[in-house]
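To start, the structure under review is shown below, and the notes come after it.
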Amino acid sequence: MRKNIVAGNWKMNKTLREGIELAKEVDQLLKDAVINCDVVLGVPFIHLASVVQAVDSKKIGIAAQNCADKESGAYTGEVSAAMIKSTGAGYVILGHSERRAYYGETPEMLKIKTELVLKHGLKPVFCIGEVLEEREKGIHFDVVKAQMAASLFDLSAEEFSTVTLAYEPVWAIGTGKTATPEQAQEMHAFVRRTIADRYGKELAETISILYGGSANPQNAKELFSNPDVDGGLIGGASLKAADFKAVIDGFNK
């Protein structure tokens, strides 16, 4: 059985003190709660070691939002997979649409990053998704398949089994357009079939595919009820503990 996962992505928000306070708030809200999913907080690099210490590791995993495509060396300002591992974090978000758009991350770079993350025993949360122009041209399935093939499909089945995917309909984030639960399910089902074509149906059924298109307390339950939507990569709603808990509750019957 694949895992349901709700992962927060704080992006470039919260000072260290604010981040520790937010993490503790989430931890407190989950302390005695029955939750039907794994919970992950994706925090800025400078927060990692402190937030790991601030939460119950049995209930909350911690993710970095990126890592370097180099092992170590003279790369000023970069943070390696080994450094992330040393903080106690367990996950790394890779290939987020903002990283691809603003920082020129290529499929080749993301392939290297994924390999380094896996080498150091971390779990990748790998983002895929098409922009508005690609959706309007009707090539969205081709784009998503190409992103997966270029960065992930050289992994062994064993390596791929540790990857969580996050589908971001980039065209529906901050554009005024809305992706429906049906559109989310359609793409998630396509992604699972694509994995099955490469690695077999049995492995494909174990891979968690998260939805990264502005999930919030109002739509989480409907989104998560789709058979191929295994949770969410949550942006804005992860910055308030009560909102994030409400999204987590989307998995409660």
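The values are calculated or read from the model by the stated rules, or taken from the named source; none is laboratory data. Bear in mind that the values here come from a model prediction, so they are computed numbers and not experimental data. Positions of Cβ are generated from backbone atoms using ideal geometry, with glycine treated the same way; all protein chains shown enter the neighbour counts.
Figures for the structure shown
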item: Every residue from segment 210-219 that is crowded, with 24+ Cβ neighbours inside 10 Å and either at pLDDT 95 or above or touching an Asp or Glu at 6+ places or on another chain (Cβ under 8 Å) (or both); result: LEU210, TYR211, GLY212, GLY213
item: Conditions (1) more than 24 Å from GLU115 (Cα to Cα); (2) crowded, with 17+ Cβ neighbours inside 10 Å; (3) among the charged types (D, E, K, R): number failed by GLU186; result: (2)
item: Options SER80, SER57, SER72: the member that is in contact with a Ser or Thr (Cβ under 6 Å, 6 or more places away or on another chain) and in contact (Cβ under 8 Å) with a residue 12 or more places away in the chain; result: SER80
item: Inter-residue pairs, beta-carbon under 8 Å, first over 17 Å from GLU108 (Cβ atoms) and in segment 129-147, second buried (at least 16 other Cβ atoms within 10 Å of the Cβ) and of a type in the set (D, E, K, R), 6+ apart; result: GLY129/GLU168; ILE139/GLU130; HIS140/GLU130; HIS140/GLU134; VAL144/GLU130
item: Residues of segment 91-106 satisfying the condition of being farther than 15 Å from ILE234 by Cα, in a helix (DSSP H, G or I) and not charged (D, E, K, R); result: ALA101, TYR102, TYR103
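Residue by residue, here is whether (1) surrounded by fewer than 22 Cβ atoms within 10 Å (Cβ to Cβ); (2) at pLDDT below 95; (3) not in a helix (DSSP H, G or I) holds:
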residue: MET12; (1), (2), (3): yes, no, yes
residue: GLY42; (1), (2), (3): no, no, yes
residue: ILE46; (1), (2), (3): yes, no, no
residue: ALA63; (1), (2), (3): no, no, yes
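Condition check ((1) over 25 Å from VAL6 (Cβ atoms); (2) at pLDDT 95 or above; (3) not in a strand (DSSP E or B)) across all residues:
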position: LYS113; (1), (2), (3): no, yes, yes
position: GLY121; (1), (2), (3): no, yes, yes
position: ALA146; (1), (2), (3): yes, yes, yes
position: ALA149; (1), (2), (3): yes, yes, yes
position: GLY174; (1), (2), (3): no, no, yes
position: LYS177; (1), (2), (3): no, no, yes
position: PHE190; (1), (2), (3): no, yes, yes
position: THR194; (1), (2), (3): no, yes, yes
